[in-house]
Amino acid sequence: MMKKNEEVAPHIYGNYEDKYKAENPIAKFMMGNFIENFKKNLLSLEKEKIDSICEVGCAEGELLKITNSMYSSTSLYASDISEEEIQKAKENCNSFSVEFSVQNAENLTEYESASFDLLLCCEVLEHLENPEKGLRELCRISKKYILLSVPNEPIWRFLNMARGKYLKDFGNTPGHINHWSIWKFSKFLATASDYSIIRRSYPLPWQMVLLEKQT
């Protein structure tokens, strides 16, 4: 699965707020909705042959725990650009096996092409300086399926401003350098010509899309 002795690409910083442990009741409700949609996408593949899953941009590993609970016999891999977040994920996921690596989502050089049956990449693309390159890398290392999520704009920024956050930046969360409406995100994903969208969901204020490679 992995090539050894490859250089890790330069760091692109994002925001690493632990949204999964939010105390605000509205934030907790929205995260609960996000997680339920995430689970439904995984369940939609339960009849498929999924032997390997990789999460790109795993942060502290909360989605890995959910994934393992649903695919406990599947080989899990995960990467993140932050060594600190990888260390948190290792501690958070110490009850099951995950092969971790520190990598930039735009240069996943430690993964060979067509390595994983399912790629997970949630809340990552909006941070990338070159999201097109990141999408190409996800398509390269995926065998069949890719599950993506990004903020649904401009709803994301409206809700931030409604709660008095990031007002001087018009509600833009620090680290978000790409902004997609539903239409713009579909247009962006169309650049991955070998993949088609097979499932969409919109857990406020996100959009979540499941892609399948066409044979």
Could you run through region 56-100 and say how many residues are small (Gly, Ala, Ser) and surrounded by fewer than 21 Cβ atoms within 10 Å (Cβ to Cβ)? 7
Under 17 Å from Gly57 (Cα atoms) and either in a loop (DSSP other than H, G, I, E, B) or touching a His at 6+ places or on another chain (Cβ under 7 Å) (or both): is that true of Glu126 in this structure? yes
In region 148-195, the residues that are surrounded by 15 or more Cβ atoms within 10 Å (Cβ to Cβ), of a type in the set (S, T, N, Q) and either modelled with pLDDT under 95 or assigned to a loop (DSSP other than H, G, I, E, B) (or both): Asn152, Asn160, Asn172, Thr173, Asn178
Find the residue count for region 31-63, including only residues that are charged (D, E, K, R), in a helix (DSSP H, G or I) and in contact (Cβ under 8 Å) with a residue 40 or more places away in the chain. 3
Please name all residue pairs, on different chains or six or more residues apart, with Cβ atoms under 8 Å, provided the first residue is in region 111-135 and is on the phi > 0 side of the Ramachandran plot and at pLDDT 95 or above and the second residue is surrounded by 14 or more Cβ atoms within 10 Å (Cβ to Cβ) and assigned to a strand (DSSP E or B). Ala114/Ser142; Ala114/Lys143; Glu123/Ser149; Glu123/Val150; Glu123/Pro151; Glu123/Trp206
Tell me whether region 199-209 contains one or more residues that are aromatic (Phe, Trp, Tyr), over 15 Å from Cys121 (Cα atoms) and not in a loop (DSSP other than H, G, I, E, B). no
Among the residues of region 204-214 satisfying the criterion of being in contact with a strand residue (DSSP E or B) (Cβ under 8 Å, 6 or more places away or on another chain) and over 17 Å from Cys139 (Cα atoms), which is surrounded by the most Cβ atoms within 10 Å (Cβ to Cβ)? Gln207
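The values are calculated or read from the model by the stated rules, or taken from the named source; none is laboratory data. In this text, all values refer to a predicted model and were calculated from it rather than measured experimentally. No Cβ is skipped: glycine too gets one built from the backbone with ideal geometry, and neighbour counts run over all protein chains shown.
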